[in-house]
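Quick notes on the structure that follows.
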Amino acid sequence: MGKTRSITGIVLTAALLLGGCGGNNNKNGNQNGTTQTDNQTTNTESTNDNNGDNTANNTATGNGTATSTGNDSAAMKQKLDEIDYAEFDLSVDYGKDQEYEIEIDQENGTVEAKVEDELNNRFLHGQEAFDDIYPKLQQLTITKDTKLQDAIQQVLTTFDLADNYTQFDLEIKFQDNTKIDFEDKK
């Protein structure tokens, strides 16, 4: 009985040691949590931000969707600080389950971006979404004093959207924390 426990203990210890030592290699010989297959790449990286939280997590898949936080978020924040808009949320509904929605939000220094374009079947997140939205935001000249119809026309033109929407909703948070909401229903 004592011999069986010793052997079981040795086997369990060996299994734990082997499991802890050899888990970083994948079929392509890559290390550090990177996995590659023919149609998909996944890269996961953890770093500590100023609060000690693990915040970096990058994922890119073969379908064109990317999610980024951490270092990418810092770069996105730096770019946002260069323009008037701290946050930008746009939703344009065309009825019949056809909606164009984009968002750039900031929370605790982390920037999140998404594009949900049902009109063109495009769904982007993270850095990829930010890279799609940011150049368009740079073109906008919407201020706190911009009239509703002027804001709507600027957005529709800049984002190449039709004016036959059923509902338009734009919420902007400026760098000075002032918020403005433009809404219209047809």
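Just so it is clear, none of the values below were taken in a lab; they were calculated from the coordinates. Values in this document were obtained by computation on a predicted structure and should not be read as measured data. Because the Cβ atoms are built from the backbone with ideal geometry, glycine has one as well, and the counts that use them run over all protein chains shown.
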Pick out, in residue order, every one of the trypsin sites (Lys or Arg not before Pro) in the range 68-163 that is DSSP loop and has at most 13 other C-beta atoms within 10 Å; say none if there are none.
-> LYS96, LYS144, LYS147
Calculated SAXS-style log₁₀ I(q)/I(0) at q = 0.17, 0.22, 0.29 Å⁻¹ - the range 95-149, Debye, Cα scatterers | -0.68, -0.95, -1.08
Computed E for GLN78/GLN98 - FRET, C-beta separation, R0 41 angstrom, nearest 0.05 | 0.75
More than 25 angstrom apart: percent of Cα pairs within the range 66-185 = 19 percent
